[in-house]
Amino acid sequence: SISYCHVSSVVVRDGQFVNAGEVVAVSENTGMSTGPHLHLTTKKDGKVIDPAILLDYIRKCRNTKL
């Protein structure tokens, strides 16, 4: 599962399948933050995993010609 925090609007529905690189939300300056940013939490089987694993996968998919 993935949690996105500090977003002003969500573009997709909960549980919706999305492709790598697809926009899912718009980040914003929310709460007591000093500027727009995104907190990204990724979990697999209930355990937090490094989001870099997911981001690397997305980069590879975007660079692959179908």
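Per residue, the chain exposes an accessible area of 85 Å² to a 1.4 Å probe, with every protein chain left in place. Remark: relative contact order (the chain) = 34 percent; criterion is Cα-Cα distance under 8 angstrom and separation of 6 or more residues. Would you work out which of ALA25, VAL11, ILE53 lies farthest towards the positive end of the dipole of the chain, given +1 charges on the beta-carbon of Lys and Arg and -1 on that of Asp and Glu, about the Cα centre? Value computed over the given set: ILE53. Our coupling estimate for region 42-50, obtained by passing each phi through the Karplus curve with A = 6.51, B = -1.76, C = 1.60 and θ = phi - 60°, is 10, 10, 10, 6, x, 10, 5, 10, 5 Hz, Gly and Pro reported as x. Full extension of the chain between VAL48 and GLN16 gives 9.4 nm of extra length, using 0.36 nm per residue less the Cα-Cα distance.
To test your reading of the geometry: what angle, between 0 and 90 degrees and rounded to tens, separates the Cα axis of helix 51-63 from the longest principal axis of the chain? The answer is roughly 50 degrees. What a 1.4 Å probe finds exposed on the chain is 55% carbon and sulfur by accessible area, rounded to a whole percent.
What's the FRET efficiency of SER9 with LEU55 using the Cβ-Cβ distance as r and R₀ = 25 Å, to the nearest 0.05?
That gives a FRET efficiency of 0.70.
Going by accessible surface with a 1.4 Å probe and the largest first, ARG59, ARG13 read ARG13, ARG59.
Select from the chain those chymotrypsin sites (Phe, Trp or Tyr not before Pro) which occupy a DSSP coil region and have at most 16 other Cβ atoms within 10 Å, ordered by residue number.
Here the chymotrypsin sites (Phe, Trp or Tyr not before Pro) that fit, given the DSSP loop and packing criteria, are PHE17.
By definition, a body whose alpha carbon gyration tensor gives a ≥ b ≥ c is prolate when a/c is 1.5 or more and a/b is larger than b/c, and the chain fits this prolate description.
The values are calculated or read from the model by the stated rules, or taken from the named source; none is laboratory data. Bear in mind that the values here come from a model prediction, so they are computed numbers and not experimental data. Cβ sites come from the backbone with ideal geometry, for glycine too, and all protein chains shown count toward neighbours. To get the accessible areas, we keep the full protein, side chains included, count just its heavy atoms, and leave off ligands, DNA and RNA. Shrake-Rupley method; radii C 1.70, N 1.55, O 1.52, S 1.80 Å.
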